[in-house]
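Trainee: Next up is a structure, given as C-alpha cells.
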Amino acid sequence: MVLKNWATSWAEALARKTGETDQYKIALARYMLESLLSTFLSLLYILLFGLIFGVLKTALLLTLVMSVLKAVMGGLHLKTPLRCALVGAIMTIILSYLALFLPYPQMPKPVQWGIFVLLVYIVWQKAPREAKGKPLTATEKKGLARNSRVLILLAAFICWCWPESVVTNELFYGTAFQVLNLTDPMAKAIDGLDLLFDHGTKKFQRLIEFRRKGG
C-alpha cells in the first residue's frame, strides 16, 4: 500500500507539472512507477537472500530473464508490491537451487521439448496476462501477445541450439517459471497466499491492538 501511495502521489505531481489531464496516461504512469518501486525492492531482497544462501549469480540471471519476459508477457501478482517482492525473492532462491541441482543440459531431450511445447501452448493461450490495475488498450494487448510468442520461440531456439551456454540453464528455468505464472493453477496458488497473508496481517493487528489496550 505504501508503494502504491507513493506512485500515485508522484504520478499526480508529474501530471500537474506537465499539465497532463489524460486519465489513462496518468494511470499508466502510476502503474509504471509502482512497478519500478516494487522491482527495486524485490532486487534488494534477491541480493540479500542470494548472498546469504550463496546463489547470487544464478538468482540475478534468473531475475533478469524473468523481468524481461514479465515486461512483455505480464504475469500474476500478490495484492501488494511488498508481498510480491518478498515472495518473488524467496521463489527465485528456490528456483536457483533447482537450476543448480538439475541443470537443463542434463535433462533428456524428450523432457526438454515436452516442457517447451507446453510453455509455447501456454503463451499462445494466456499471454499477456496482466495484473489488476494495469491499463492496456486492445492494440497494446495484441502487440504484447505477438511479442510474447516471439520471445518464447526465441528462448526455445536458444536452448535447443546452445544447451551448454553459460546462461542457457537460467534462461530455461526463468522462462519456465514466468510462463507458468500465466496459468490458472498459479492464480489459485497466489490467491491462497494472499489469504494467508491477510489472515496473518489481521492476527498481527489484533495482537497490536490488544497490547495497546493493556491486555
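Just so you know, all these numbers are worked out from the coordinates, no wet-lab data involved. A quick note: this is a predicted structure, and the numbers were derived from the prediction, not measured. A quick note on method: Cβ atoms are made from the backbone with ideal geometry, for glycine too, and the neighbour counts reach across all protein chains shown.
Trainee: Shape of the range 81-134 from its Cα gyration tensor (a ≥ b ≥ c, root eigenvalues): rounded if a/c is under 1.5, otherwise prolate when a/b > b/c, or oblate?
Mentor: It comes out oblate by the Cα gyration axes.
Trainee: First measure r as the distance between the Cβ atoms of Gln106 and Lys202, then evaluate 1/(1 + (r/R0)^6) with R0 = 35 Å and state the FRET efficiency to the nearest 0.05. The partial results should precede the final answer.
Mentor: Numbers: r = 45 Å, r/R0 = 1.30.
Here the calculated transfer efficiency is 0.15.
Trainee: Which pairs break 21 Å Cα to Cα here: Lys17/Lys141; Lys70/Lys142; Lys70/Lys109; Lys109/Lys142?
Mentor: On the way: Lys17/Lys141 29 Å; Lys70/Lys142 16 Å; Lys70/Lys109 26 Å; Lys109/Lys142 33 Å.
Over 21 Å apart, Cα to Cα: Lys17/Lys141; Lys70/Lys109; Lys109/Lys142.
Trainee: Tell me, what is the FRET efficiency for Arg212 and Val167 to the nearest 0.05, using R0 = 45 angstrom and their Cβ-Cβ distance as r?
Mentor: Given R0 = 45 Å and the Cβ-Cβ separation, E is 0.30.
Trainee: Which order do Ser165, Ser96 fall in if you start with the one that has the fewest other Cβ atoms within 10 Å?
Mentor: Fewest-to-most Cβ neighbours within 10 Å comes out as Ser165, Ser96.
Trainee: If you plug each phi of the range 166-171 into the Karplus form 6.51 cos²θ - 1.76 cosθ + 1.60 with θ = phi - 60°, what whole-Hz ³J(HN,Hα) values come out, in order, with x for Gly and Pro?
Mentor: The phi angles translate into 5, 10, 5, 4, 5, 4 Hz.
Trainee: In what sequence do Ser38, Ser67 fall when counting other Cβ within 10 Å, fewest first?
Mentor: Ser67, Ser38
Trainee: Order the peptides 184-193, 49-58, 169-178 from the highest to the lowest mean number of other Cβ atoms within 10 Å of their residues.
Mentor: 169-178, 49-58, 184-193
Trainee: Hey, another quick one. Could you check the spin-label model distance between Asp191 and Trp124? Points 7 Å from the Cα along Cα→Cβ, value in nm.
Mentor: The modelled label-to-label distance comes out at 2.7 nm.
Trainee: Please arrange Val120, Val65, Val179, Val150 by counting, for each residue, the other beta carbons lying within 10 Å of its beta carbon, fewest first.
Mentor: Val150, Val120, Val65, Val179
Trainee: Could you order the peptides 198-204, 99-105 from most to least packed, using the average number of other C-beta atoms within 10 Å per residue?
Mentor: Sorting 198-204, 99-105 by mean packing, highest first, produces 99-105, 198-204.
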